[in-house]
Amino acid sequence: MADTLNKMLDPQLNRRGFLKGCTMAAAALGLSETMIPKLVEAAATAERPRVIWLHFQECTGCTESLLRSSHPDLARLILDIISLDYHETVMAAAGHQAEKNLHDTVDNHPFILVVEGGIPTKDGGIYCKIAGKTAMDILAEVAPKASAIIAIGTCATFGGVQAAAPNPTGSVGVQDLVSGVPIVNIPGCPPNPVSFLGTILHYLTFKRLPALDNLNRPLFAYGRRIHDQCERRAHFDEGRFVEQYGDEFHKLGYCLYKVGCKGPETFSNCPTARFNDVGVWPVSVGNGCFGCTEPNFWDTMTPFNERLPMVKIPSAGIVASADKVGKTVLGVTAAAVGIHAAVGIGKRIIKGKKSGDA
């Protein structure tokens, strides 16, 4: 199926684009330039791992984002380094033929399972069915046989928008239902394709999954707060904020925290990896971060246009504080110089008096 899709995506990925993709992945993984040849070698020569890609409760936005990634074309790059044996959105097969493809791989070959979408559990999971089986049943059948599982998107990792209160279908993420198999969570609505590519290349190169945080997210992509990497951080530190969308401060590119940016409580590489190599991300074009890589963000981060109350806003700013400290230091120094001079003069006067008495 991957070969067929590659023909549809003609022309074949060229070497320059391939190298650029591996370089992007190395940068995302935090690897030195010396590791790029190893990534390229692993991607080019390793036996392509078989991948089963299951869709459950979701909008297919994660797949759409991946297929539309460009410069280089990460979709083609990924299709060149994995054997995508089952993917309901892009495969040519349908019906019984598609199901046969699924079970041929699951029953006869080692494979990586990618899950996109939440899994409804209420009323026996009847709110998502494929080929007469619930998402719960399909996951229970396929997941235990996988070598590893990659949950892509916030729906598959934490339940997503359908898990928002009151969560009428009982939607949950993969890790709530599966145990005994390594799971990597790549949340986001949608996540950056580079995060998925980096995970795959790490697995091929080092024969193991990347280091994970306490939410099973790869540290290379989710190890730092958005707030700490944001190009508007200097404005936050100086107390310069957009008060409402469209005001003069918004036009000047000030910090968006007061109009709801959730960057201080969100972990992701959005400011550094950005999307589709176009050099922008939501905050850079004037919209605050929604916190979509965090669990239950539809409940914990809303209303999206209101600020998080627990974040302390700088009162004066670093520069202002530095100026104040500098002036204080200068004042103390001047006073010290004055005291030192006075002491020196006093010593000379006393010494002069003693000489006169003598």
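The values are calculated or read from the model by the stated rules, or taken from the named source; none is laboratory data. Everything numeric here is computed off the predicted structure, so don't read it as measured data. We place every Cβ from the backbone using ideal geometry, glycine too, and count neighbours over all the protein chains shown. Keep in mind that these areas ignore ligands, DNA and RNA; they rest on the heavy atoms of the full protein, side chains included. Shrake-Rupley method; radii C 1.70, N 1.55, O 1.52, S 1.80 Å.
Couple of notes before you dig in:
- Accessible surface of region 150-189, 1.4 Å probe, proportion on carbon and sulfur as whole %: 60 percent
- Filter on Lys133/Lys262; Lys122/Lys207; Lys122/Lys145; Lys122/Lys258 - keep pairs with C-alpha separation over 27 Å: Lys133/Lys262; Lys122/Lys207; Lys122/Lys258
- What region 181-319 shows is 45 Å² of accessible area per residue, with the surface traced by a 1.4 Å probe over protein heavy atoms.
- Å² per residue, accessible surface of region 113-154 at 1.4 Å: 35 Å²
- Efficiency of FRET between Gln229 and Asp176 - r from beta-carbon atoms, R0 25 angstrom, step 0.05: 0.25
- Percent carbon-and-sulfur accessible area, region 226-309, ignoring ligands, DNA and RNA, probe 1.4 Å: 52 percent
- Distance between the 7 Å Cα→Cβ label points at Asp237 and Glu141: 5.6 nm.
- Using the Cβ-Cβ distance between Lys312 and Lys251 with R0 set to 41 Å, the FRET efficiency works out to roughly 0.95.
- For the peptides 245-258, 182-195, residues were scored by their other Cβ atoms within 10 Å and the scores averaged per peptide; the highest-first order is 182-195, 245-258.
- Ranked packing of 291-303, 54-66, most packed first, by mean Cβ within 10 Å: 54-66, 291-303
- Protection proxy ranking, highest mean first, for peptides 162-169, 234-241: 234-241, 162-169, where packing is the per-residue count of other beta-carbon atoms within 10 Å, averaged.
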